[in-house]
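Every read-out reported here was derived from the displayed coordinates using simple, explicitly stated rules and does not represent laboratory data. Everything numeric here is computed off the predicted structure, so don't read it as measured data. Positions of Cβ are backbone-derived with ideal geometry, glycine not excepted, and every protein chain shown enters the neighbour counts.
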């Protein structure tokens, strides 16, 4: 079958199915109802099959129509994004970019990336949404975000994902804590400690809880805080042992207000990266943001010795 699709026919077909009405479909695509009817009739003739069953005002999709609908929506989706990307190229960044990132990155990485990004795309409007990576990925899949910078959840594939950075969590304690004086003592005093860990329903929290379960260090209930700065302040005051990435506490480690103590095997390791929709290729603006994130991550220490 030699069939050259007409975009007007495809748009009319998708509109009728989604609106459930020829009249509403005509309003949606700004044509007359007779034009919609003609497009659908011609499309069915060209394909030699019935796509819709019409029962009075009701429109029901046939099996053939369901198959075509799936393909049509994919084609129209790609064309819309191609137009958007071409428009972005013409206007050099006169677009909006919606970024999701966890709170820790919003404090320690995203500001420097945004500064560089604004220098390159001064007319682009970046919108940042902070939250747990898992929740942000749900918003990405719903097209509410363009990119997500965050932790790779366990079990997630690499489709639509760019790996950037790996780090390793560590204990942070007051300089006067017993572990700061004698790190070897942590093995025999593990169960005596009040651990201070990051917010529930986050990938970091899940990793730490799994590690504590493996070590059997669950006699004291962990103190759970939703802010990394609060965890560091509590550790400084000797209230407990914080579990954070060394780069989060780099300033406090440097000035001596916190001491870092390595976590014994098994290590608590994480992978960070940038997620985009697997349904499309990132635009020029999005690729620029991804590249700047890669540069920023490359400057961060992953472990205590770096």
Task: Computed E for residue 200/residue 120 - FRET, C-beta separation, R0 22 angstrom, nearest 0.05 - done: 0.05
TODO: Give the Debye-formula value of log10 I(q)/I(0) at each listed q (0.08, 0.11, 0.12 Å⁻¹), with one equal scatterer per alpha carbon of the chain, two decimals each.
DONE: -0.53, -0.78, -0.86
TODO: Treating the angle as unsigned and between 0 and 90°, give the value, to the nearest 10°, between the Cα long axis of helix 203-215 and the longest Cα principal axis of the chain.
DONE: 40 degrees
Open item on the list: Calculate the FRET efficiency for residue 53 and residue 271 from the Cβ-Cβ distance with a Förster distance of 41 Å, rounded to the nearest 0.05.
Closed with: 0.25
Task: Radius of gyration and Dmax over the Cα atoms of the stretch 7-90, both given in Å - done: 13.7, 47
Open item on the list: Between residue 37 and residue 281, what's the calculated FRET efficiency when r is the beta-carbon distance and R0 is 35 Å? Round to 0.05.
Closed with: 0.45
TODO: Any chance you could list P(r) for the stretch 170-267, counting all Cα-Cα pairs in 5 angstrom bins from zero, rounded to whole %?
DONE: 2, 14, 27, 28, 20, 8, 1
TODO: Name the residue, out of 60, 173, 248, whose mean-square fluctuation peaks in a Gaussian network model built on the chain with Cα pairs under 10 Å.
DONE: 60
TODO: Would you mind calculating the gained length between residue 66 and residue 162 on full extension (0.36 nm times residue separation, minus the Cα-Cα distance), in nm to one decimal?
DONE: 31.2 nm
- [ ] Specify the residue with the greatest mean-square fluctuation among 156, 251, 54, computed from a Gaussian network of the chain linking alpha-carbon atoms under 10 Å apart.
- [x] 54
Open item on the list: I need the P(r) histogram for the stretch 117-220: all alpha carbon pairs, bin width 5 Å from 0 out to the longest distance, whole percents.
Closed with: 2, 9, 15, 17, 15, 12, 11, 8, 6, 4, 2, 0
TODO: Determine which residues of the stretch 279-294 fall in the zone a paramagnetic label at residue 78 would reach in this model, i.e. backbone nitrogen under 17 Å from the point 7 Å along Cα→Cβ.
DONE: 279-283
- [ ] Taking the chain as the reference, fit the longest principal axis to its C-alpha atoms, fit the long axis of helix 284-298 to the helix C-alpha atoms, and give the angle between the two in degrees, 0 to 90, nearest 10.
- [x] 10 degrees
Task: Alpha-carbon centroids, the stretch 171-227 and the stretch 238-271: separation in whole Å - done: 10 Å
